[in-house]
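Read the structure below first, then the notes.
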Amino acid sequence: MTKVQIRFRLERPLDGVLLPRLADAHSLYGIHRVTVAPALDSIMVEYDATRLRPAEVESALAAAGIPIAPEMA
């Protein structure tokens, strides 16, 4: 297992509808942890790189309805 972290910018603030969707992201096999930044403007996703690629993580979050954009480094 190779744990990797990727940050996504939130395109809008999390609300009561989005929080359960964010919690459901853990149900995707290979995602280990989703952490919201203290400023509530981004999330950090820790995942198993032997099972998922960054595009798959992004796709799963978008499919769950989480308004994200890749974080520019």
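Just so it is clear, none of the values below were taken in a lab; they were calculated from the coordinates. Keep in mind the model is a prediction, meaning the values are calculated, not measured.
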Karplus 3J(HN,Hα) series, Hz, for segment 50-57 with 6.51 cos²θ - 1.76 cosθ + 1.60 (x for Gly, Pro)
7, 10, 10, 9, x, 5, 6, 5
Based on C-alpha coordinates, I'd like the Rg and Dmax of segment 3-70, in Å.
10.8, 33
For segment 10-24, just list the computed ³J(HN,Hα) in residue order, Karplus coefficients 6.51, -1.76 and 1.60, θ = phi - 60°, integers in Hz, with x standing in for Gly and Pro.
7, 7, 8, x, 6, 9, x, 7, 6, 4, x, 5, 5, 5, 5
For segment 35-42, just list the computed ³J(HN,Hα) in residue order, Karplus coefficients 6.51, -1.76 and 1.60, θ = phi - 60°, integers in Hz, with x standing in for Gly and Pro.
10, 8, 5, x, 7, 6, 10, 7
